[in-house]
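> The structure under discussion is supplied below as structure tokens; questions concerning it will follow.
The values are calculated or read from the model by the stated rules, or taken from the named source; none is laboratory data. From a predicted model like this one, the values you see are computed outputs, not experimental measurements. Because the Cβ atoms are built from the backbone with ideal geometry, glycine has one as well, and the counts that use them run over all protein chains shown. Note: accessible area is taken over every heavy atom of the protein model, side chains too, but ligands, DNA and RNA are not part of it. Shrake-Rupley method; radii C 1.70, N 1.55, O 1.52, S 1.80 Å.
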Amino acid sequence: MGVELLLDPELAELAAACSAAAGVDLARLLTTAEDRELTLTHNAQPALLFTGVALCRLLARRGITPAAAAGHSVGEYTALCVAGAVSPERAVKAVVERGRAMGEAAPPGTTSMTAVLGLGPEALCDTLRDLAEVWPANFNTPTQTVIGGTVGGLERARDELQRAGARRQVPLNVAAAFHTPLMEPAAASLRGTLQAAGWREPAMPVVANLSAEPYRDAGEIPGSLVRQLSSPVRWSDCVRRLLELGCGAFYEVGPGRALTGMMRELAPAAPATALSSPEAVERLE
């Protein structure tokens with residue numbers, strides 16, 4: 001996918017500019033980096049952001065522009081960038097720092113995340129309320145919530161969640177417990193970087209992970225993104241808000257199709273398409 005994007009002269013030039021601004025080699029991350037390198041958050045996040053922005057530029061060439069946007073976790077930076085609220089160069093620099101801060105917030109191997117399936121968010125929160133070192137991290141759909149915490153906290157939660165009615169629990173291959181209070185050190189260290197990123201008012205509604213409401217002005221963006229690091233992603237509410245804003249069809253840009261799969265539960269009547277490559281964009285009618 002990265003090779004295909006960088007064959008486009010405009011996108012290759014953009015990747016070089018972002019690399020110079022952020023001190024990373026995006027071309028290598030997108031083409032020849034090994035899987036173990038891309039498991040590191042400070043490598044994965046700029047690659048994800050650039051891929052999403054690049055695919056949106058290809059969509060714009062086809063005359064397809066979003067009426068509103070939202071992004072899951074680091075995807076919120078992509079949404080803000082596509083909405084003109086920040087330059088790609090500054091966005092990539094911010095997520096490189098974000099990834100480093102998140103990776104340093106907890107010792108390796110001490111924290112993780114688990115997807116809990118078949119248990120509603122209210123029942124899940126009730127179950128976790130009296131447990132230590134484990135929290136809801138992503139409210140993805142009414143039947144899928146991701147939790148995060150220490151390894152011990154997740155182990156203690158497993159039996160309690162099963163007793164509460166969870167149908168399945170899937171450990172995730174992640175570096176840490178993102179979007180939980182364990183990320184508060186990362187949030188504190190990222191604050192200065194985000195405040196200096198030069199935010200502008202988005203040209204279209206961008207629904208925030210934190211509030212599930214569109215940003216009203218540029219001034220609230222950095223504070224929301226700081227708090228996002230240690231707060232749960234309210235994805236189900238974000239999609240509901242996009243529907244209320246009048247969105248009737250959805251494109252997921254970037255590698256994978258997890259969000260597109262969620263749309264079968266969140267908005268079954270709305271067409272949802274995953275676009276992960278220039279070829280996929282070209283195939284659109």
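> So is Leu243 touching a helix residue (DSSP H, G or I) at 6+ places or on another chain (Cβ under 6 Å), more than 14 Å from Ala91 (Cα to Cα) and open to solvent by 30 Å² or more (accessible area, probe 1.4 Å) or not?
For Leu243, the condition - touching a helix residue (DSSP H, G or I) at 6+ places or on another chain (Cβ under 6 Å), more than 14 Å from Ala91 (Cα to Cα) and open to solvent by 30 Å² or more (accessible area, probe 1.4 Å) - is not met.
> Against the definition (buried (at least 19 other Cβ atoms within 10 Å of the Cβ), in contact (Cβ under 8 Å) with a residue 40 or more places away in the chain, more than 16 Å from the chain's Cα centre (by Cα) and within 23 Å of Leu194 (Cα to Cα)), how does Val86 come out, yes or no?
Numbers: buried (at least 19 other Cβ atoms within 10 Å of the Cβ): yes; in contact (Cβ under 8 Å) with a residue 40 or more places away in the chain: yes; more than 16 Å from the chain's Cα centre (by Cα): yes; within 23 Å of Leu194 (Cα to Cα): yes.
Here the answer is yes, as Val86 does meet what is asked.
> In the set Gln162, Gln144, which member is surrounded by 15 or more Cβ atoms within 10 Å (Cβ to Cβ), over 23 Å from Arg98 (Cα atoms) and touching a helix residue (DSSP H, G or I) at 6+ places or on another chain (Cβ under 8 Å)?
Working: Gln162 fails: touching a helix residue (DSSP H, G or I) at 6+ places or on another chain (Cβ under 8 Å).
After ruling out the rest, the residue left standing is Gln144.
> Tell me, which residue of region 188-236 that is without any contact (Cβ under 8 Å) to a residue 60 or more places away in the chain and under 29 Å from Thr143 (Cβ atoms) is most open to solvent (accessible area, probe 1.4 Å)?
Going through the qualifying residues, I end up with Arg227.
> What single numbered condition from (1) open to solvent by 20 Å² or more (accessible area, probe 1.4 Å); (2) in contact (Cβ under 8 Å) with a residue 12 or more places away in the chain; (3) closer than 29 Å to Glu220 by Cβ fails to hold for Thr65?
Going through the list (1) open to solvent by 20 Å² or more (accessible area, probe 1.4 Å); (2) in contact (Cβ under 8 Å) with a residue 12 or more places away in the chain; (3) closer than 29 Å to Glu220 by Cβ, Thr65 breaks only (2).
> Next question, about the same structure. Return a yes/no flag: does region 247-267 have any residue that is hydrophobic (A, V, I, L, M, F, W, C), open to solvent by less than 50 Å² (accessible area, probe 1.4 Å), closer than 27 Å to Glu184 by Cα and part of a helix (DSSP H, G or I). It would help to see each step written out before you state the result.
Step one: list which residues in region 247-267 are hydrophobic (A, V, I, L, M, F, W, C), which gives 247, 249-250, 253, 258-259, 262-263, 266-267.
Now narrow it down to the ones that are open to solvent by less than 50 Å² (accessible area, probe 1.4 Å): 247, 250, 253, 259, 262-263, 266-267.
Among the residues that remain, those that are also closer than 27 Å to Glu184 by Cα are: 259.
Checking which are part of a helix (DSSP H, G or I) leaves us with 259.
The answer is yes, given that some residue of region 247-267 is hydrophobic (A, V, I, L, M, F, W, C), open to solvent by less than 50 Å² (accessible area, probe 1.4 Å), closer than 27 Å to Glu184 by Cα and part of a helix (DSSP H, G or I).
> In region 224-236, what count of residues is obtained for those that are assigned to a helix (DSSP H, G or I), touching an Asp or Glu at 6+ places or on another chain (Cβ under 9 Å) and not polar (S, T, N, Q)?
1
> Among the residues of region 1-22, are any modelled with pLDDT of 95 or more, at negative phi, outside any helix (DSSP H, G or I) and surrounded by fewer than 21 Cβ atoms within 10 Å (Cβ to Cβ)?
Within region 1-22, one or more residues are modelled with pLDDT of 95 or more, at negative phi, outside any helix (DSSP H, G or I) and surrounded by fewer than 21 Cβ atoms within 10 Å (Cβ to Cβ).
> What tally of residues in region 99-144 results from selecting those that are closer than 25 Å to Gly71 by Cβ and of a type in the set (Asp, Glu)? Break it down into steps so the answer makes sense when it comes.
Looking only at region 99-144, we keep the residues that are closer than 25 Å to Gly71 by Cβ, and these are 99-106, 111-117, 120-121, 124-125, 135-144.
Checking which are of a type in the set (Asp, Glu) leaves us with 104.
Total satisfying the criteria: 1.
> Can you work out which of the residues in region 268-285 that are surrounded by 14 or more Cβ atoms within 10 Å (Cβ to Cβ) and out of contact with any helix residue (DSSP H, G or I) (no Cβ under 6 Å at 6 or more places or on another chain) is farthest from Asn140 (Cα to Cα)?
Residues of region 268-285 surrounded by 14 or more Cβ atoms within 10 Å (Cβ to Cβ): 270, 272-278, 280-281.
After this cut, where a residue has to be out of contact with any helix residue (DSSP H, G or I) (no Cβ under 6 Å at 6 or more places or on another chain) as well, the list is 270, 273, 276, 280.
Numbers: Ala270: 17, Thr273: 18, Ser276: 21, Ala280: 25 Å.
It comes out as Ala280.
> When you go through (1) at pLDDT below 95; (2) more than 23 Å from Val253 (Cα to Cα) one by one for Leu40, which number turns out not to apply?
(2)
> Could you count how many residues in region 24-61 are charged (D, E, K, R) and open to solvent by less than 20 Å² (accessible area, probe 1.4 Å)?
Of the residues in region 24-61, the ones charged (D, E, K, R) are 25, 28, 34-37, 57, 61.
The next check asks that each one be open to solvent by less than 20 Å² (accessible area, probe 1.4 Å); those that pass are none.
Total satisfying the criteria: 0.
> Can we say Gly75 is on the phi > 0 side of the Ramachandran plot and open to solvent by less than 60 Å² (accessible area, probe 1.4 Å)? Reasoning before the result, please.
Numbers: on the phi > 0 side of the Ramachandran plot: no; open to solvent by less than 60 Å² (accessible area, probe 1.4 Å): yes.
Against the criterion (on the phi > 0 side of the Ramachandran plot and open to solvent by less than 60 Å² (accessible area, probe 1.4 Å)), Gly75 does not qualify.
> On to the next question. If you go through region 200-218 one residue at a time, do you hit one that is in a helix (DSSP H, G or I) and more than 27 Å from Thr145 (Cα to Cα)? Outline the logic, then answer.
First pass over region 200-218, keeping only residues in a helix (DSSP H, G or I): 218.
Cutting the leftovers down to more than 27 Å from Thr145 (Cα to Cα) gives us 218.
Yes, region 200-218 has at least one match.
> If you go through region 102-141, how many residues are in contact (Cβ under 8 Å) with a residue 24 or more places away in the chain, over 15 Å from Arg158 (Cβ atoms) and open to solvent by 50 Å² or more (accessible area, probe 1.4 Å)?
Number satisfying all stated conditions: 5.
> Just for region 94-128: of the residues that are among the aliphatic types (A, V, I, L, M) and part of a loop (DSSP other than H, G, I, E, B), which one is farthest from the chain's Cα centre (by Cα)? Break it down stepwise before answering.
First, pick out the residues of region 94-128 that are among the aliphatic types (A, V, I, L, M): 94-96, 101-102, 105-106, 113, 115-117, 119, 123-124, 128.
Then keep just the ones that are part of a loop (DSSP other than H, G, I, E, B); that gives 105-106, 119.
On the way: Ala105: 18, Ala106: 20, Leu119: 23 Å.
Across region 94-128, the extreme among qualifying residues is Leu119.
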